[in-house]
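Each reported figure results from applying straightforward, stated rules to the coordinates on display, with no laboratory input. Remember, predicted model here, so these are calculated numbers, not experimental data. Cβ coordinates were reconstructed from backbone atoms using ideal geometry, including for glycine residues, and neighbour counts include every protein chain displayed.
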Ligand code: PAF
C-alpha cells in the first residue's frame, strides 16, 4: 500500500486511477483502526477500483478537555491492516499539511449537528464538517464510506453534502460489534476490565428497546428512554448517562410519539470514557 503526507501526491494518484476509469472510494479515519474501519475499506474495495484511506487525528474536532493528546496512534499497525484489506493509498498528513496557521474558514452545519453529541461536545461537528469537506476536496472521491456507529456524524455529513452540492455519494455502513455486542471503537481500549464487562449492556438495552417498539409495547419516546435507563442503571456499575434519545432517523429532530424510521441513540460514561451506540427502528 502506497502512503503519502502530500496533498498533491494524492491528487496525482487519484487522477491516474481515474484515467484508467477506476471509481474512487474514500474512507476517512483517525487511525487506531479496528474491524469497523476495515469493514468500510472492504466495502469500498468491492465497489471501487481505487481506494484511498486517510489517517488524520483532526485537532479541530476535539474539545479542550478531550483526549487529543492521548488518542491512540500506531501508523505501522494501521498500515499493515490496510494492506491486508487492499487499500490502494494511505493519506496521513500532519496538522501543518492540513491547516495553515492563519486558516479562517470553517464549514458549519447548524441543524442536524445540534442535540445528542453536539450538545455534549461543543464545536465537535464544525471540526468534523471542516475536515471532511477538505478531505473531499483533496481526494475528490465518487463514494465515501462512513460507519453508522457515529450516526449523527453520518447525518451531519450527508446534510453538508446535500446543502453544498458536493459530488460525493455518502455510503452508510453497518456497525461492527465485538462478539458480546459492544460496538467497536478506538476508545474501547480506555475501559477498565470491569467496565469492559459491563459495557455490552448498551447494545442489550438498545435491542430490548427496538423489540418493544416493534411489538408496539411502547408508543412514546419517553417510554423508550425510561426503559433503557432502567436497564442501564440496573446493570450494577452505575455508569453515568449522558443522553438517551429517540430521534427521526434522518433529520435527527425530536419525536414525542414513535413514528416512521427512528434512531435510538445513547451516550454513557464508563469512568472517564464516553461510549456511544445506537440502533435504527421502524414502527411497524
Ligand atoms: O469518524 C472519524 O473517525 C472522524 O470523525 C473523521 C470522519 C475521520 C473526521 O475526522
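Run through the DSSP bridge list for the chain and note the antiparallel percent, rounded to the nearest 5. If we restrict to bridges inside the chain, about 50 percent are antiparallel.
According to the square roots a ≥ b ≥ c of the eigenvalues of the Cα gyration tensor, what is the shape class of the range 36-181, taking rounded for a/c under 1.5, prolate for a/b larger than b/c otherwise, and oblate for the remainder?
On the way: a/c = 1.29, a/b = 1.26, b/c = 1.02.
Rounded, since a/c falls under 1.5.
Put a dot 7 Å past the Cα of residue 229, heading toward its Cβ, do the same for residue 75, and the two dots end up 4.7 nm apart.
With springs connecting C-alpha atoms under 10 Å apart, model the chain as a Gaussian network and identify which of 103, 274, 73 has the largest mean-square fluctuation. Of 103, 274, 73, the Gaussian network model singles out 103 as fluctuating most. Once you order the gyration tensor axes a ≥ b ≥ c over the Cα atoms, which shape class does the range 175-284 get: rounded for a/c under 1.5, otherwise prolate or oblate by comparing a/b with b/c? The shape class here is prolate.
Angle of helix 7-19 to the longest C-alpha principal axis of the chain, folded into 0 to 90 degrees and rounded to 10: 80°. Here the gap between residue 179 and residue 35, fully extended at 0.36 nm per residue and compared with their Cα-Cα distance, gives a gain of 50.6 nm. Note on the chain: GNM, Cα springs under 10 Å; of 197, 81, 182, the largest mean-square fluctuation is that of 197.
Tell me what the chain gives for mean residue ellipticity at 222 nm when only DSSP H runs of n ≥ 4 count, each as -39,500 (n - 2.57), the sum divided by the residue total, rounded to 500 deg cm²/dmol. Could the numbers behind the result be given before it?
Values: 10 runs with 107 residues, N = 284.
For the chain, the value works out to -11500 deg cm²/dmol.
Protection proxy ranking, highest mean first, for peptides 161-170, 257-266, 200-209: 200-209, 257-266, 161-170, where packing is the per-residue count of other beta-carbon atoms within 10 Å, averaged.
Taking the longest Cα principal axis of the chain as reference, the axis of helix 201-214 is set at about 70 degrees. Could you check which residue among 253, 105, 129 shows the biggest mean-square fluctuation in a GNM of the chain with a 10 Å Cα cutoff? Highest fluctuation of the listed residues: 105. Could you give the angle, 0 to 90 degrees to the nearest 10, between helix 35-47's Cα long axis and the longest principal axis of the Cα atoms of the chain? The angle comes out at about 60 degrees.
Which shape class, rounded, prolate or oblate, goes with the chain when its Cα gyration tensor gives a ≥ b ≥ c as root eigenvalues, a/c under 1.5 marks rounded, and past that a/b bigger than b/c marks prolate? Because a/c hits 1.5 or more and a/b exceeds b/c, the chain counts as prolate.
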